[in-house]
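The values are calculated or read from the model by the stated rules, or taken from the named source; none is laboratory data. From a predicted model like this one, the values you see are computed outputs, not experimental measurements. Cβ placement follows ideal geometry from the backbone for every residue including glycine, while neighbour counts extend to all protein chains displayed.
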Amino acid sequence: MTDSPGYQEIMAQRADIMKGSARIDYAQYATGKLAFDYERLLADTGYDLTTTREIQSRTAVGNTPLVELENITELARAVAKPGRGARIFVKDEAANPSGSFKDRRASLSVHAAARHGFTGVVAATSGNYGAAVASQAAKAGLRCIVVQEAFDSQGIAQPEIAEKTRACEGYGAEVIRLSVGPELFYVFLQVLKETGYFNASLYTPYSILGIETLGYELALQIQEQAGAFPDVVIATHAGGGNVTGTARGLHKAGATESTMIAASVDLSGLHMASDQDFNRKSFTTGHTGFSMPFTSWPDRADVPRNAARALRYMDRFVSVSQGEVFYITQVLAELEGLQRGPAGNTSLAAAFAIAQELDREQIVVVQETEYTGAGKHPIAQLNLAKNMGIEILRGDPEDNIPGRRIVIPEHPSQITVREVELDHVRRSYLRHAMELLPAGEGLDQIDLEFLATETRTSQTWVQEVIDELP
Amino acid sequence: MTEPVAKGSWVEIHRIVLPAGERASQVPEDTQQVPLEMRVKGFLVEPASLGEDVEIITTTGRRLHGTLTDFNPAYGHGFGAPIAELSTIGGEVRAMLRDRGRVK
């Protein structure tokens, strides 16, 4: 199997295309063999929290309601041990212009593109972010191209992505729909090179700084509504931006003691680049197929240095099953009158279980919802799953097997979280990092400090793990 | 022979980006065996019939070539039939809260 000459040629130009299309010279932030100045990379954009809030308010982004889920809280208390069952709140990010928190990410990207004189933006995304970039570009008068992985070799579109195609085209964007495979990046680079448009990557500093307002707002809102900062904030976790930006915003509001939990849908066993698995996932984001590789190595992104560095910010990492998320999505609609999700409800499923670990006076905030609609709904996903031969049944979520069997809980007491061992992820991160170290060279002091910060551990621990590597 | 699609119609084109066998080396076996396909919509530059190689102008003004596969392509995604495994959940959890005096 060989890569085609055209493919190799474009991939070889990757660094130059990237540098011109994001207007960030990432090389200048290197401080060691592996280390780079993350805070300076973010600060040099010029977007502090106040500026970001002002920019977002001009396009009706942010200031979304924080809603207490009193009935879901009561349901959690009905199955919790006596005295347990924290209050659950949700930040209704579906109230953003294109229907998700991704508008926050897109707002600064599009603002930066316009400021630097670009005439258009390109985003490689099959999710809500495409609609967000298209929406912001429409408002800013910029052209927009969205590159999606949208259908399998049988021509079957993933329904949620089909809805994203419609949404992007509704905002006037050009949508390039591709079949399955990581060579999407090759097409993306070709388009950037041909058009000279701005790379509205999910992983630039703009995209992360735009989310800080979410964490900041929710900290102020919960203070006002409940008189305290949250004990726990749970974010649906995929590429790492949601966790990173939200945690940074919480810190800026002074909520430094809140426990930050990342939650992903378990898709273990399914290959993200497999044509046959593509329509067997039943989820397009918020799943372990993204979150595991991106947490253990963030710099696999479409920019040289990913500004989403979730491992720096998460206190805990959990997974939930597909069936549990579909169940809680139905409960959210029928007990709280909110039809949202489904992928964003991954953190709500986790919150339902985690609230039961906490006392009744404690507070759990689920930091996002997303809009729902045709294609982007549990009914659409489960009908596709049935057509793909996946078994759907009520039962014990422990029997859920991604791609083969979706088990909808029979009772809310069956919703639990599975811990992702953070030390395991940290070791995996360090293994990836050390692969980049030139042969025969050792780490400098600044690299050790950097790796300790990246993994939220100590230099001693980092050194011990590195010494154990083969 | 179908009626030619009129110039200026909103259409979809299809193109093979990478044929099977020329996929990136890291993709899994099943994906290696199928091509990387692309579908893009735009306005048709000259009248043509389905299956012909055509040029379109996209909404960003790009001119692209490919096989004409559809005109005025429909958005076919929806919901489908209700899912029995979801439809009784509401009643079950409401009953639990009714016992606790929260719902009627």
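Observations, loosely collected:
- Within the span defined as the stretch A:325-336, every residue fails to be closer than 28 Å to A:A228 by Cβ and more than 14 Å from every other protein chain (Cβ to nearest Cβ).
- Flag for A:A343 being within 13 Å of the chain's Cα centre (by Cα), in the same structural domain as A:E212 (by TED's automatic domain parsing), at pLDDT 95 or above and buried (at least 24 other Cβ atoms within 10 Å of the Cβ): no
- Enumeration of residues in the stretch A:133-169 that are among the β-branched types (V, I, T), facing chain B (nearest Cβ under 10 Å) and in a helix (DSSP H, G or I): A:I161, A:T165
- Here the helices (runs of 4 or more DSSP H) wholly within the stretch A:1-68 that include at least 2 residues being within 14 Å of chain B (Cβ to nearest Cβ) and out of contact with any His (no Cβ under 6 Å at 6 or more places or on another chain) are A:5-12.
- Within the stretch B:1-28, being β-branched (V, I, T) and either within 14 Å of chain A (Cβ to nearest Cβ) or part of a loop (DSSP other than H, G, I, E, B) (or both) holds for B:T2, B:V11, B:I13, B:I16, B:V17, B:V27.
- The single condition from (1) surrounded by fewer than 18 Cβ atoms within 10 Å (Cβ to Cβ); (2) closer than 25 Å to A:A162 by Cβ; (3) among the hydrophobic types (A, V, I, L, M, F, W, C); (4) more than 18 Å from the chain's Cα centre (by Cα) that B:L44 fails is (1).
- Flag for A:A228 being outside any loop (DSSP other than H, G, I, E, B) and in the same structural domain as A:L142 (by TED's automatic domain parsing): no
Residue-wise test of (1) more than 30 Å from A:I401 (Cα to Cα); (2) touching a His at 6+ places or on another chain (Cβ under 6 Å); (3) part of a helix (DSSP H, G or I); (4) touching a residue at least 60 places away in the same chain (Cβ under 8 Å).
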residue	(1), (2), (3), (4)
A:I211	yes, no, yes, yes
A:G215	yes, no, yes, yes
A:Q221	yes, no, yes, yes
A:I234	no, no, no, yes
A:T244	no, no, yes, yes
A:R248	yes, no, yes, yes
A:H251	yes, no, yes, no
A:E257	yes, no, no, no
A:I261	no, no, no, yes
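- Evaluating A:N400 against the criteria (1) at pLDDT 95 or above; (2) surrounded by fewer than 20 Cβ atoms within 10 Å (Cβ to Cβ) leaves one unmet condition, (2).
- Of all residues in the stretch A:220-247, those being on the phi < 0 side of the Ramachandran plot and surrounded by fewer than 24 Cβ atoms within 10 Å (Cβ to Cβ) number 10.
- Positions within the stretch A:166-201 being more than 17 Å from A:G130 (Cα to Cα) and aliphatic (A, V, I, L, M), in sequence order: A:V180
- The lone exception for A:N387 - which of (1) within 14 Å of chain B (Cβ to nearest Cβ); (2) surrounded by fewer than 21 Cβ atoms within 10 Å (Cβ to Cβ); (3) closer than 22 Å to B:G90 by Cα; (4) not acidic (D, E) it fails: (3)
- Restricted to the stretch A:395-415, and to residues there that are in contact with a Phe, Trp or Tyr (Cβ under 6 Å, 6 or more places away or on another chain) and aliphatic (A, V, I, L, M), the residue that is nearest to the other protein chains (Cβ to nearest Cβ) is A:I408.
- Of all the criteria given as (1) touching a Lys or Arg at 6+ places or on another chain (Cβ under 7 Å); (2) more than 22 Å from A:S179 (Cβ to Cβ); (3) in contact (Cβ under 8 Å) with a residue 60 or more places away in the chain, the one not satisfied by B:N72 is (1).
- Among the residues making up the stretch A:155-165, a single one is over 21 Å from the mean Cα position of the chain (by Cα) and in contact (Cβ under 8 Å) with a residue 40 or more places away in the chain: A:I156.
- Checked against the criterion of being acidic (D, E), over 19 Å from A:D152 (Cα atoms) and more than 10 Å from every other protein chain (Cβ to nearest Cβ), the stretch B:32-52 contains one or more residues that satisfy it.
- Selection within the stretch B:1-19 - within 24 Å of A:I156 (Cβ to Cβ) and surrounded by 14 or more Cβ atoms within 10 Å (Cβ to Cβ): B:W10, B:V11, B:E12, B:I13, B:H14, B:R15, B:I16, B:V17, B:L18
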